[in-house]
Amino acid sequence: MATPRALVVGLGGGAAIAGSWAAIALLWPPIPPHIGLAVILLGAGVAGIGIAMERRRGAAAAWCAATTAGTTGALLVLNLVMPLSAFGADRLIPQLMPPALPPAVQIAESRIELPDRYLWLLLLAWFVALAQWVAARPAFDGLEPDGLAQQQDRNAAGVIVGVEDQ
């Protein structure tokens, strides 16, 4: 279930994943020329968040927190690569062009090419968001558009979801 705590843990976890990637990229330049490091950090972070939340809050909260962290982390890493590749110091830019080109041209062309390699994170984030949607579908099974509004009214009145009126 998407509780506020699970969502906040997921957002914080995604920010921590992106912060870890940024720290590694900035402390040990250049920026990785591929998404391998980001995927490893995302996998480890999502697994860690999922395990920790499952022990404390149950499987539904773990799933919500982990998928929120995965989506948030992937998108934040992509959003870090874009300005770093455009405005970052030359030492942050990996050499992606042939060495036959002059150094200034190599850097300029590599700045253009680097973000393209990280666009795969958009696809990864989409798959994680799709998994999150699939997991949320059982909560709405059997509810028609009118039934959803009625269920929300019942929830607001304090009726426990899934318990028949006695």
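The values are calculated or read from the model by the stated rules, or taken from the named source; none is laboratory data. On a predicted model such as this, the values are computed, not experimentally measured, just so you know. Don't worry about glycine lacking a Cβ; one is built from the backbone with ideal geometry, like all the others, and counts go over all protein chains shown.
Residue under question is residue 53, and the condition is that it be surrounded by 14 or more Cβ atoms within 10 Å (Cβ to Cβ) and not in a loop (DSSP other than H, G, I, E, B); does it hold? Spelling it out, residue 53 is indeed surrounded by 14 or more Cβ atoms within 10 Å (Cβ to Cβ) and not in a loop (DSSP other than H, G, I, E, B).
Checked against the criterion of being at pLDDT below 95 and part of a helix (DSSP H, G or I), the candidates 72, 67 yield just one match: 67.
In this structure, does residue 108 turn out to be in a loop (DSSP other than H, G, I, E, B), out of contact with any helix residue (DSSP H, G or I) (no Cβ under 7 Å at 6 or more places or on another chain), over 18 Å from residue 14 (Cα atoms) and among the hydrophobic types (A, V, I, L, M, F, W, C)? No. Residue check: is residue 49 touching a residue at least 60 places away in the same chain (Cβ under 8 Å) and in contact with a helix residue (DSSP H, G or I) (Cβ under 6 Å, 6 or more places away or on another chain)? Spelling it out, it is not the case that residue 49 is touching a residue at least 60 places away in the same chain (Cβ under 8 Å) and in contact with a helix residue (DSSP H, G or I) (Cβ under 6 Å, 6 or more places away or on another chain). Of the residues making up segment 23-46, those that are more than 18 Å from residue 122 (Cβ to Cβ) and either touching a residue at least 60 places away in the same chain (Cβ under 8 Å) or touching a strand residue (DSSP E or B) at 6+ places or on another chain (Cβ under 6 Å) (or both) are 25, 26, 29, 30.
Across segment 4-50, which residue is nearest to residue 77 (Cα to Cα) among those that are hydrophobic (A, V, I, L, M, F, W, C) and part of a loop (DSSP other than H, G, I, E, B)? Within segment 4-50, the match that is nearest to residue 77 (Cα to Cα) is 35. Residue-level check: of (1) aromatic (Phe, Trp, Tyr); (2) without any contact (Cβ under 8 Å) to a residue 40 or more places away in the chain; (3) closer than 30 Å to residue 134 by Cβ, residue 120 misses just (2). Of the residues in segment 99-111, not one is at negative phi, touching a residue at least 40 places away in the same chain (Cβ under 8 Å) and among the β-branched types (Val, Ile, Thr). The set of residues in segment 66-103 that are more than 23 Å from the chain's Cα centre (by Cα) and loosely packed, with under 14 Cβ neighbours inside 10 Å comprises 87, 89, 91, 98, 99, 100, 102, 103. Within segment 76-104, being over 11 Å from residue 114 (Cα atoms) and assigned to a loop (DSSP other than H, G, I, E, B) holds for 88, 89, 98, 99, 100, 101, 102. Only a single criterion out of (1) surrounded by fewer than 20 Cβ atoms within 10 Å (Cβ to Cβ); (2) at pLDDT 95 or above; (3) of a type in the set (Val, Ile, Thr) is not satisfied by residue 17, namely (1). Taken together, the criteria exclude residue 108 from residues that are surrounded by 14 or more Cβ atoms within 10 Å (Cβ to Cβ), among the aliphatic types (A, V, I, L, M) and touching a Leu at 6+ places or on another chain (Cβ under 8 Å).
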